[in-house]
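Report on one structure; see the data block that follows.
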Amino acid sequence: MKSSRRSFLITSVGVAATVALSRQAFADAPKVGESEPTAQALGYKADATKVDKAKFAKYAAGQDCSNCTFYQGKATDAYAACPMFPGKQVAGKGWCSAYNKKA
């Protein structure tokens, strides 16, 4: 029975360390640049108030990444992951044409 507990504890510590390291690695993930091809295709702006409203008529004041269903952080996070830009972070105050309001 002791070896089962020991194995469980060792595995748990390993998993916890892996999760902590992956979170830290993502915290260091690069920010999406507005000049990147995907960002340009989606009309991404790090500051939603600077969206070209003539080109992106879908944009409405108050829409930003932090209240989009794709934003993978808390609404108060300055930057977080978004599946539209794998491996990178978007600005919470940003916007792109994939915007979809959270329910």
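The values are calculated or read from the model by the stated rules, or taken from the named source; none is laboratory data. Values in this document were obtained by computation on a predicted structure and should not be read as measured data. Don't worry about glycine lacking a Cβ; one is built from the backbone with ideal geometry, like all the others, and counts go over all protein chains shown.
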- line: Scanning the stretch 70-90 residue by residue, those hydroxyl-bearing (Ser, Thr, Tyr), without any contact (Cβ under 8 Å) to a residue 40 or more places away in the chain and under 18 Å from Thr38 (Cβ atoms) turn out to be Tyr71
message: Restricting to the stretch 44-57, name every residue that is exposed (fewer than 13 other Cβ atoms within 10 Å of the Cβ) and either among the aliphatic types (A, V, I, L, M) or under 20 Å from Ala103 (Cα atoms) (or both).
response: Ala54, Ala57
Selection within the stretch 63-79 - crowded, with 20+ Cβ neighbours inside 10 Å and either in a loop (DSSP other than H, G, I, E, B) or among the aliphatic types (A, V, I, L, M) (or both): Asp64, Tyr71
message: For the structure I just gave you, tell me whether Ala60 is modelled with pLDDT under 95, surrounded by 11 or more Cβ atoms within 10 Å (Cβ to Cβ), aliphatic (A, V, I, L, M) and in a loop (DSSP other than H, G, I, E, B).
response: no
